[in-house]
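The block underneath contains the structure these notes are about, expressed in structure tokens.
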Amino acid sequence: MGSDNTANLPAFNCTIANNLVVSQKGMLLEERTVPQNVLYQGNIFDGDELSIKSQTSNFEMKKVEMELGADSVWRPKPNSIVVGAATGWFNFVTDDIDGQMRGKRKDVGADQISKEQIKNRPLKANDVGISWQVQ
């Protein structure tokens with residue numbers, strides 16, 4: 001977080017909250033420099049390795065039940081541990097990645113499990129860019 005092979009800049013004065021990170025292989029999150037005045041809150045990780053040197057008690061490693069949606073997006077199952085598990089008061093978070101309203105009990109991650117109509121969807125090749133054909 002905050003660096004590459006040539007630069008070394010720590011995260012500074014920020015809150016990283018209620019994120020869901022799932023991977024079957026590789027590093028989930030690597031902290032290369034110790035953040036300064038950063039609050040980690042309500043983040044859930046499911047995978048092999050989490051390389052965090054600071055605030056280790058603020059990270060939860062848990063198995064998250066996921067399913068592949070009809071839109072080819074992995075989403076938490078309705079019985080997942082992320083449902084209603086978001087912490088903190090972030091009143092500016094009003095809807096999810098699908099454009100569905102988030103209620104008082106927010107889910108961890110970008111997707112709020114909801115029966116509301118989906119307003120946003122993943123873009124496909126036909127939705128963006130120039131259409132052309134090579135002859």
Pairs, first of a type in the set (Ser, Thr, Tyr) in segment 104-132, second surrounded by 10 or more Cβ atoms within 10 Å (Cβ to Cβ), C-beta under 8 Å, six or more apart: Ser114/Asp96; Ser114/Asp98; Ser114/Gln100; Ser114/Met101
Where Val82 falls short, out of the listed (1) at pLDDT 90 or above; (2) in contact with a Ser or Thr (Cβ under 9 Å, 6 or more places away or on another chain): (2)
Of all residues in segment 67-84 being of a type in the set (D, E, K, R) and part of a loop (DSSP other than H, G, I, E, B), the one that is surrounded by the most Cβ atoms within 10 Å (Cβ to Cβ): Lys77
Counted residues, segment 85-103 - those being free of Cβ contacts under 8 Å to residues at least 40 places away in the same chain and either more than 14 Å from the chain's Cα centre (by Cα) or part of a strand (DSSP E or B) (or both): 10
Every residue from segment 78-112 that is under 16 Å from Gly42 (Cβ atoms) and among the hydrophobic types (A, V, I, L, M, F, W, C): Ile81, Val82, Val83, Ala85, Ala86, Trp89, Phe90, Phe92, Val93, Val108, Ala110
Residues satisfying the stated conditions in segment 35-66, i.e. at pLDDT 80 or above, among the hydrophobic types (A, V, I, L, M, F, W, C) and assigned to a loop (DSSP other than H, G, I, E, B): Val64
Residue within segment 85-105 that is within 19 Å of Leu28 (Cα to Cα), modelled with pLDDT of 95 or more and surrounded by 13 or more Cβ atoms within 10 Å (Cβ to Cβ) present: no
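The values are calculated or read from the model by the stated rules, or taken from the named source; none is laboratory data. These numbers come from a predicted model, not from an experiment. Reconstructed Cβ throughout: ideal geometry from the backbone, glycine too, with neighbour counts over all protein chains shown.
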